[in-house]
Amino acid sequence: MLYGNESISHYSRSNIAIWMSMAFQGGLLNIGGFMACHRFVSHVTGFATFFGYELNQTDKSQASGMLLVPLFFLFGAMLSGWLVDLRLKLNKKPKYYVTFGIIFFLTLAVFTLGTWGAFGEFGAPFLPERDFALLALLCLVCGIQNGTITTVSKSVVRTTHLTGITTDLGIGIVRFLNRDRLKNTLPDEGRANLMRLGIIGFYVLGSVVGGFVFSHFMYFGFLLPTLTSGLLFTLMLYYQFLKHA
């Protein structure tokens, strides 16, 4: 992936390190968003559920916000599609350094604005007029991240939520247990399952670490995903742009 190769068939160390780092970051962003304003930032299903709930309340002011926020996740995925997927389909070099750069600067913006008080008190009850910008920024980050990793892994890896990867793991376990009957049709299923377990493990680790960090440092906790995304952006920029300029 560092060099613009869309294949994951070899499960290279660099690819696996990137996937696990992104899963860790996904856990950090979700726990940070939840602890800041009591909403999961990459759970589009949850926003649809909240929309249905709020639409049936006497005060319907929050319903529109619950419907609009996931559009930023969609926009992030579209942005990734433009910079990565479309270029791969056109046999052009994907601009990973651009997508990871956007992720870095967006997380930096969340950290900076949060510590400046732009999102109000950390952990205060949810208010759409105050928390909409925070949710929109975090959803945008998750959409770009998930779109990029999903594209490069041919829809095998997802790093911002666990429903899909857990489903894949369940199917993969059955395939692995029946590998003798399936013969050589799925030669990498064992390694794929280990990768899926790793993604789940690092996402949970990110949530656990994030729970500690955000409970003690509040908005300053967003410095941690800012540093991880900054490191990945630097690696992409060096390997894909500067080294081969």
Determine whether V213 is assigned to a helix (DSSP H, G or I), within 15 Å of M20 (Cβ to Cβ) and modelled with pLDDT of 95 or more. no
Would you point out which residue out of G81, G27, G76, G32 is in contact with a Phe, Trp or Tyr (Cβ under 9 Å, 6 or more places away or on another chain), in a helix (DSSP H, G or I), within 23 Å of V152 (Cβ to Cβ) and modelled with pLDDT of 75 or more? G27
Can you name the residue in the stretch 1-24 that is modelled with pLDDT of 70 or more, farther than 15 Å from L140 by Cα and buried (at least 23 other Cβ atoms within 10 Å of the Cβ) and is also nearest to the chain's Cα centre (by Cα) among such residues? A23
Could you tell me whether any residue of the stretch 95-106 is over 30 Å from S215 (Cβ atoms), surrounded by fewer than 17 Cβ atoms within 10 Å (Cβ to Cβ) and free of Cβ contacts under 8 Å to residues at least 60 places away in the same chain? no
Against the condition touching a residue at least 12 places away in the same chain (Cβ under 8 Å) and either farther than 26 Å from L86 by Cα or over 15 Å from the mean Cα position of the chain (by Cα) (or both), how does A136 come out, does it pass? no
Of (1) β-branched (V, I, T); (2) assigned to a helix (DSSP H, G or I); (3) touching a Ser or Thr at 6+ places or on another chain (Cβ under 7 Å), T160 satisfies all except one. Which? (2)
In the stretch 199-226, how many residues are under 30 Å from K95 (Cβ atoms) and exposed (fewer than 15 other Cβ atoms within 10 Å of the Cβ)? 1
Index of the failed condition, A109 passing every other in (1) modelled with pLDDT under 95; (2) surrounded by 15 or more Cβ atoms within 10 Å (Cβ to Cβ); (3) of a type in the set (G, A, S): (1)
Residues of the stretch 169-180 being assigned to a helix (DSSP H, G or I), over 20 Å from L205 (Cα atoms) and at pLDDT 80 or above, which ones? G170, I171, G172, I173, V174, R175, F176, L177
Here the residues within the stretch 113-157 that are exposed (fewer than 15 other Cβ atoms within 10 Å of the Cβ) and closer than 21 Å to L227 by Cβ are W116, A118
With the requirement that a residue be without any contact (Cβ under 8 Å) to a residue 60 or more places away in the chain and β-branched (V, I, T), what does the stretch 226-240 give you? T234
Flag for R191 being buried (at least 20 other Cβ atoms within 10 Å of the Cβ), among the charged types (D, E, K, R), under 23 Å from S14 (Cβ atoms) and modelled with pLDDT under 90: no
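The values are calculated or read from the model by the stated rules, or taken from the named source; none is laboratory data. This one's a predicted model, so the numbers in the text were calculated from it and none came from an experiment. Don't worry about glycine lacking a Cβ; one is built from the backbone with ideal geometry, like all the others, and counts go over all protein chains shown.
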